[in-house]
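Here's the structure we're looking at; comments come further down.
The values are calculated or read from the model by the stated rules, or taken from the named source; none is laboratory data. Nothing here was measured: the structure is a model prediction, and the numbers come from that model. We place every Cβ from the backbone using ideal geometry, glycine too, and count neighbours over all the protein chains shown. To get the accessible areas, we keep the full protein, side chains included, count just its heavy atoms, and leave off ligands, DNA and RNA. Shrake-Rupley method; radii C 1.70, N 1.55, O 1.52, S 1.80 Å.
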Amino acid sequence: LGLTATPKRDDNVDTYNYFGKPIYEYSLAQGIDDGFLTPFKIKRIKLNIDELALTSGDTIVQWTVKKPVYTTTDFEKNIIVDERTDIIAETILKNINPMEKTIVFCVDQSHALRMRDSINKYKSIRDPDYCVRVTSDEWDIGRAYLERFQDNDKTIPTILTSSQMLTTGVDALNVRNIVLVRNIWSIVEYKQIIGRGTRLYDGKDFFTILDFVGATNDFRDEIWDGGEDISE
C-alpha cells in the first residue's frame with residue numbers, strides 16, 4: 001500500500017513506477033469541498049521591473065554584465081536589483097493584514113535574507129522579530145523562530161522568509177498568505193508549497209497566494225485545485 005500527498009504528474013514517475021497506478025485519487029479541490037482543507041484565493045502581481053534592459057547609464061556595483069536583458073528567471077541568481085526587492089517587500093505588506101502569518105518562498109538563502117531585511121525596512125510593526133529568515137543556515141535560531149510561528153497563541157514572528165526548508169513538513173495552522181517570489185519548475189513542488197496554507201484553523205475562511213512569478217498560471221488545474229482568482 002502506498003500513500004502520497006503528491007499529485008500524479010510526469011515528473012513523479014518514480015513513485016508510480018514503484019507502486020503502480022493509484023487505486024484512488026483525492027484532489028485538493030475535493031478536500032476543500034469536503035471541509036478538510038482551507039480554500040484559497042490567487043492574486044497574481046506583475047511588477048514593472050520584471051524585465052531589465054541595461055543601458056549605458058546603469059551602474060554595475062559588482063561583477064560583470066553577461067547579457068543586455070534580464071528577466072524574472074535571472075533575478076536573484078544572475079542579477080540582483082535592490083530596488084526590485086524593495087518593491088516586492090512593499091507590495092507584500094500592502095496586500096496582507098499586518099498580523100497575518102505569512103510565508104515568503106525565495107530563490108535561495110541569500111535572497112531570503114535580503115527579503116527579510118527589506119520587509120523589516122518597510123514594516124509598520126516595531127517588533128524586531130516581525131519578519132525573520134528560516135533557512136538551514138539559521139540552525140537552532142531558525143528552528144526556534146519556526147516553533148514560535150507555529151504556536152497559534154503567538155503573533156511574532158509574523159512573516160517567515162525561506163527558500164527550500166519550509167516547502168514540506170511544516171504544520172502551521174494559521175498561515176494566511178503564501179508568497180511566491182521565486183520561479184517554481186515542478187508541479188510537485190508547487191503543490192507542496194501551496195499545501196503550507198491549507199491547514200484548517202478557527203476563523204480562517206481562506207488563505208491567499210500572492211504570486212509574483214506566474215506559477216499559478218503555469219500549474220493551474222481547475223479540476224484538481226479549485227481556487228478563486230482575485231488578481232487586479
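Looking at (1) modelled with pLDDT under 95; (2) more than 17 Å from the chain's Cα centre (by Cα), which one does residue 167 not meet, given that it meets all the others?
Here residue 167 meets the rest and fails (2).
Which one of these is more than 20 Å from residue 115 (Cα to Cα), touching a Leu at 6+ places or on another chain (Cβ under 6 Å) and open to solvent by less than 10 Å² (accessible area, probe 1.4 Å): 216, 198?
Details: 216 fails: touching a Leu at 6+ places or on another chain (Cβ under 6 Å).
Going through 216, 198 in turn, just one is more than 20 Å from residue 115 (Cα to Cα), touching a Leu at 6+ places or on another chain (Cβ under 6 Å) and open to solvent by less than 10 Å² (accessible area, probe 1.4 Å): 198.
Which number in (1) closer than 20 Å to residue 125 by Cβ; (2) open to solvent by less than 10 Å² (accessible area, probe 1.4 Å) marks the one condition that residue 145 misses?
(2)
(1) closer than 25 Å to residue 43 by Cα; (2) assigned to a helix (DSSP H, G or I); (3) touching a Phe, Trp or Tyr at 6+ places or on another chain (Cβ under 9 Å): which one isn't true of residue 107, the others all being true?
So residue 107 meets the others, but not (2).
Residue-wise test of (1) touching a strand residue (DSSP E or B) at 6+ places or on another chain (Cβ under 9 Å); (2) aromatic (Phe, Trp, Tyr); (3) within 25 Å of residue 25 (Cβ to Cβ).
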site: 131; (1), (2), (3): yes, no, no
site: 134; (1), (2), (3): yes, no, no
site: 145; (1), (2), (3): yes, yes, no
site: 172; (1), (2), (3): yes, no, no
site: 187; (1), (2), (3): no, no, yes
site: 202; (1), (2), (3): no, no, no
site: 206; (1), (2), (3): yes, yes, yes
site: 212; (1), (2), (3): yes, yes, no
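Output the number of residues of region 88-97 satisfying the condition of being assigned to a loop (DSSP other than H, G, I, E, B) and either more than 17 Å from the chain's Cα centre (by Cα) or farther than 21 Å from residue 174 by Cβ (or both).
Narrowing region 88-97 to residues assigned to a loop (DSSP other than H, G, I, E, B): 95-97.
Going one step further and asking which of them are either more than 17 Å from the chain's Cα centre (by Cα) or farther than 21 Å from residue 174 by Cβ (or both), we end up with none.
Within region 88-97, residues that are assigned to a loop (DSSP other than H, G, I, E, B) and either more than 17 Å from the chain's Cα centre (by Cα) or farther than 21 Å from residue 174 by Cβ (or both) number 0.
Quick test of your reading of the structure: residue 207 fulfils all but one of (1) over 13 Å from the mean Cα position of the chain (by Cα); (2) aromatic (Phe, Trp, Tyr); (3) open to solvent by less than 30 Å² (accessible area, probe 1.4 Å). Name the failing condition by number.
(1)
From 60, 42, 79, which residue is at pLDDT 75 or above and farther than 30 Å from residue 199 by Cα? Show your work before the answer.
Working: 60 fails: at pLDDT 75 or above; 42 fails: farther than 30 Å from residue 199 by Cα.
When all the criteria are applied, what remains is 79.
In the set 72, 85, 102, which member is within 14 Å of the chain's Cα centre (by Cα), among the hydroxyl-bearing types (Ser, Thr, Tyr) and surrounded by 14 or more Cβ atoms within 10 Å (Cβ to Cβ)?
Numbers: 72 fails: within 14 Å of the chain's Cα centre (by Cα); 85 fails: within 14 Å of the chain's Cα centre (by Cα).
After applying the criteria, what remains is 102.
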